[in-house]
Amino acid sequence: MSELFWFEKYRPRSFDEVVDLEEVKARLRQFVKAGNMPHLLFYGPPGTGKTTMALVLARELYGEYWRENTLELNASDERGINVIRERVKEFARTAPVGKAPFKLVILDEADNMTSDAQQALRRIMEIYAQNTRFILLANYVSGIIEPIQSRTVMIRFSPLPKEAVFARLRYIAENEGVKVSDDALEAIYEFTQGDMRRAINALQIAATVSKAVTEEVVAKALGMVSPRLLRETLYEAVKGSFGKAATQIYGFVADGGVGELEIIKQIHREMLRLDVQEYVKPEIAYIIAEAHYAILRGAHGLTQIYGALAKVRRLLKSV
Amino acid sequence: MALPWIEKYRPKSFAEIVNQEEAKYTLASWICLKFRAPKEFCTRWAKKRDKEVAEAKAILLAGPPGVGKTTLVHALAREIRYELIELNASDVRTADRLRQVIGRGLRESSLFGFEGKMVLFDEVDGLHVKEDKGGLEEIIEIIETAKIPIIMTANNPYDPKFRPLRDISLVVNLKRLSEEEVVEVLRRICTSEGAKCEEEALRSIAKSSMGDLRAAINDLQMYLSGGRRILTLDDIKRVGERNPQLSMFEILDRVYKARWFDEARAVSFNPSFDWEQYFIWALESIPVVYKDLEIASTAYDRLSKADVFMGRIKRTQEWELLPYALELALGGVSQIKGKPRLPPFIKYGFPQRLLLLAKSKEARRRRDALVEYLAQNLHASKSVIKSEIIYVLSALSKNNQSIIEKLSKALGINAIDIKSVL
């Protein structure tokens, strides 16, 4: 099954395969070398390598016995207070398999665990420290109670830089016999903002449309407007012929099948990149925000988009 | 087997515990006044003779994480050679289970030449309302009847539900350690590990641990892992510090002094950014930063629009609107036409709203307890009690002191306090 999904098929199995994250890799390698480590808390946005790093660490520590010595609980598993008190505690108190120095518990999306379940973890992490180490993965560190933060080394994962994402996507494309253009990679990055998992998924979806992945193919596959095309349209709307811009936007919806909500989100991203005075940007943000909210509450999408663009045009004229 | 350093370097004796002298004296005095303990231990540590220490039925150790609450109890048990029966949040703590464990523990005789037994209810603030049904009441019952030392720990013992527990215990507060004290411990560990650690590097670790010794030791282990023998400030800068917490003052400063819209917006990506707090602080900081009425009114307008969006998000759960709210609250307050050049140092005041809330906390707690009691007994919602019934009660109690006394008895709040609420 995992072969079916590229993000799983190409999930790195060793530190060498992991792109970017050099400092994190260096630290974790030291832990493997020492055969000792503190409890860890990996935090940062989705798709930045937290789960991958935890699993790579498990493989590097235990080799062929990595499954036996690792308990991985993710968001789909029941992780209430009882599971912590029973299943996790039971796993933590038993001896590791083979010559492993300790076992590993990986708790994915730990920031979604209830405060009570986290409370139950506190002393388990200390009492069974001789046997077991914990790696907690979280999107938001604020979702982890302070006593748990105190018991871990906190390692921050940031959105991956463009070059790292491009390198990985090119590698996957080559292996899968897919041609991917530079502007397609740009469009994927624009859509996924440094989230490697979403980027790989986007590439895979685009590759089902065509083996030659271009910006247009990416846009079509992901139900978005080509960023380049949208940029031109927005420029037309605020500086050139408003009628022409409106026709193009209508085309995105009617012919391209792009949803109005997706268009307003893209407009939001692009508008804030306009070369205008900084003090105008909050006004632009507010205009788009009102349109977005109106669409969510059931207003007619195209009407709201045209209205927002007309207001932005008027605003820019006045300054 | 290799231990994490927080376990390897956990203090084993009272003397090794850093700078919690007051807590150590209180705990030792209580043990020596009420129970059996070695003479040399009592001579050294039992420095208090206060009535409240002698009369305390149990001790509740309170304080932030990593200051040594649990360690203190384990060290105490070791020093006075008591067997420690520990129940923490990882244990089921229903009334039945507590009776079973404590009962069995007290019945069985101690092995290995222990002088006695003591009970530690660790992390009592981790008691689960549903899963640990009756646990709190049972702990109170055990405290009232047991003839052995009962000690509890908590991060936040001031939760209203722990009031009955506080009433029969002596709350002993452990304080956050100073930067200097943390550095001292880290220095000792470096020596023990045969590592040469730059003073500035240790100071940096201590600073970002904010008085949490356990966090600091954890971080030191990370920096020195794999047998590294040298630690410099550069190593720490390269890897990055523990969750770089920003104070509200620093957050405001970054927002107001941002040169670009994106720079102001990016403040929300900091792990310590809390938008509810930010709104309160921003609201009162605008007139401090912007003396020009026109500019201040634009900032208020943007903040109010952001607030409207926050309200919409809460009401509709449409979290995709959050970026707009943050852009208006951060970039909107920061980027304003005609904004003056700001001075390098701006004196942001602590929000009056928060000061007032802090001042009225106790009164609000009493009022909430009263509302809760009335709601349960009058088959009415809390909002009805607050908006109607409390005024009826206030009028009735003016001419009838016995109503106040009845409520006082039922709630365990003194009559004068109830009057002040009404």
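The values are calculated or read from the model by the stated rules, or taken from the named source; none is laboratory data. Note that the structure is predicted; figures quoted are calculated from it, not measured. Note that we place each Cβ from the backbone using ideal geometry, even for glycine, and neighbour counts take in every protein chain shown. All accessible areas refer to the heavy atoms of the entire protein, side chains included, with ligands and DNA or RNA removed. Shrake-Rupley method; radii C 1.70, N 1.55, O 1.52, S 1.80 Å.
Please report, in debye to the nearest 20, how large the charge dipole of the protein assembly as shown is about its Cα centre when each Lys and Arg carries +1 at its beta carbon and each Asp and Glu carries -1 there.
1560 debye
Using every Cα-Cα pair within the range B:166-314, state what percent have a distance larger than 19 Å.
65 percent
Would you mind checking the tilt of helix A:281-296 against the longest principal axis of the Cα atoms of chain A, expressed as 0 to 90 degrees and rounded to 10?
Value to nearest ten degrees: 80.
Over the C-alpha atoms of the range B:177-237, what are the Rg and the largest Cα-to-Cα span, Dmax, in Å?
Rg and Dmax of the range B:177-237, Cα atoms, are 10.1, 29 Å.
Enter the Cα centre distance for the pair the range A:259-309 and the range B:37-65, rounded to the nearest angstrom.
A separation of 64 Å, based on Cα centres.
Under the definition of partner shielding as Cβ atoms of other protein chains within 10 Å of a residue Cβ, what is the mean value for peptide A:122-129?
Partner-chain Cβ atoms within 10 Å, mean over residues of A:122-129: 6.
Could you state the angle between the C-alpha long axis of helix A:162-175 and the longest principal axis of the C-alpha atoms of chain A, as a value from 0 to 90 degrees rounded to the nearest 10?
Once rounded, the angle reads 80 degrees.
When you count, for each residue, the other Cβ atoms within 10 Å and take the mean per peptide, how do B:69-79, B:214-224, B:12-22 rank with the highest first?
Going from most to least packed, we get B:214-224, B:69-79, B:12-22.
Of A:GLY223, A:GLY243, A:GLY49, which has the largest mean-square fluctuation in a 10 Å C-alpha GNM of chain A?
Looking only at A:GLY223, A:GLY243, A:GLY49, the largest GNM fluctuation is found for A:GLY243.
Could you tell me which residue out of B:LEU213, B:ALA201, B:ILE189 lies farthest along the dipole of the range B:177-237 toward its positive end? Charges go on the beta carbon: Lys and Arg +1, Asp and Glu -1, centred on the Cα centre.
Checked the options; the winner is B:ILE189.
Please list 3J(HN,Hα) in residue order for the range A:121-126, calculated via the Karplus relation 6.51 cos²θ - 1.76 cosθ + 1.60 where θ = phi - 60°; whole Hz, with x for glycine and proline.
Those phi angles translate into 6, 3, 7, 4, 4, 8 Hz.
Return, for the Cα atoms of the range B:246-332, the radius of gyration and Dmax in Å, separated by a comma.
When restricted to Cα atoms, the range B:246-332 yields Rg and Dmax of 12.4, 37 Å.
Excluding the sites themselves, what is the longest stretch of chain A that contains no GluC sites (Glu not before Pro) in a DSSP loop with at most 10 other C-beta atoms within 10 Å?
A:79-319
Just tell me how shielded B:217-228 is by partners: mean number of partner chain Cβ atoms within 10 Å of each residue's Cβ, no decimals.
Across the residues of B:217-228, the mean count of other-chain Cβ atoms within 10 Å is 6.
Please check: in the Gaussian network model of chain A (C-alpha springs, under 10 Å), which one of A:LEU203, A:LEU234, A:LEU137 has the largest mean-square fluctuation.
Greatest mean-square fluctuation among the candidates belongs to A:LEU234.
Please calculate the 1.4 Å probe accessible area of B:SER408, with all protein chains present, and give it to the nearest 10 Å².
20 Å²
What is the spin-label model distance, in nm, from B:TRP260 to B:ARG36 if the labels are put 7 Å beyond Cα along the C-beta direction?
Here the answer is 7.4 nm between the modelled labels.
Give the carbon-plus-sulfur fraction of the accessible surface of the range B:246-332 in %, rounded to a whole number; probe 1.4 Å, heavy atoms of protein chains only.
56 percent
Counting pairs of Cα atoms in the protein assembly as shown, how many percent are more than 40 Å apart?
Everything past 40 Å amounts to 47 percent.
Among A:VAL24, A:MET37, A:THR52, which residue has its Cα positioned farthest towards the positive end of the charge dipole of the range A:21-156, with +1 placed on the Cβ of Lys and Arg, -1 on the Cβ of Asp and Glu, and the dipole taken about the Cα centre?
Most positive-ward Cα: A:MET37.
With all protein chains present, calculate the accessible area of B:LYS207 using a 1.4 Å probe and round the result to the nearest 10 Å².
Rounded to the nearest 10, the figure is 140 Å².
Over 16 Å, how big is the tail of the calculated P(r) for the range A:162-222, in percent of all Cα pairs?
Value for the range A:162-222: 27 percent of Cα pairs lie more than 16 Å apart.
Going down the table (A:LYS9/A:LYS99; A:LYS99/B:LYS12; B:LYS291/B:LYS339; A:LYS33/B:LYS237), which pairs top 18 Å between alpha carbons?
Over 18 Å apart, Cα to Cα: A:LYS9/A:LYS99; A:LYS99/B:LYS12; A:LYS33/B:LYS237.
Once phi is turned into θ = phi - 60°, what whole-Hz ³J(HN,Hα) does the Karplus curve with 6.51, -1.76 and 1.60 give for every residue of the range A:92-101, x standing for Gly and Pro?
5, 8, 8, 6, x, 8, x, 9, 5, x
Between A:GLU72 and residues 5 or more places away or on another chain, which pairs have amide H atoms under 5 Å apart, with H built 1.01 Å from N, and which residues are they?
HN-HN under 5 Å from A:GLU72: A:ILE106.
Send over a whole-number figure in Å² for the accessible area per residue of the range A:1-152, probe 1.4 Å.
About 39 Å² of surface per residue is accessible.
Which value in deg cm²/dmol, rounded to the nearest 500, describes the helix-derived mean residue ellipticity at 222 nm for chain A, given -39,500 (n - 2.57) per DSSP H run of n ≥ 4 and division by the residue count?
Rounded to the nearest 500, the figure is -16500 deg cm²/dmol.
Checking the a/c ratio against 1.5 first, then a/b against b/c, what shape does the Cα gyration tensor give for the range A:21-156?
Cα axes put the range A:21-156 in the oblate bin.
Note the buried accessible area between B and A here, summed over both chains, with a 1.4 Å probe, in Å² to the nearest 100.
5600 Å²
Among A:MET224, A:MET271, A:MET196, which one shows the biggest mean-square fluctuation in a GNM of chain A, springs joining Cα atoms closer than 10 Å?
Judging by the Gaussian network model, the answer is A:MET271.
Name the residue from B:ILE85, B:ILE390, B:TYR278 whose Cα lies farthest towards the positive end of the charge dipole of the protein assembly as shown, charges +1 on Cβ of Lys and Arg and -1 on Cβ of Asp and Glu.
B:ILE390
Placing unit charges on C-beta atoms (Lys and Arg positive, Asp and Glu negative, everything else neutral), compute the dipole magnitude of chain A about its Cα centre in debye, rounded to 20.
For this selection, approximately 520 debye.
Are there trypsin sites (Lys or Arg not before Pro) in the range A:52-149 that DSSP puts in a loop and that have at most 12 other Cβ atoms within 10 Å, and which ones?
Listed in order of number, the matching sites are A:ARG67, A:LYS99.
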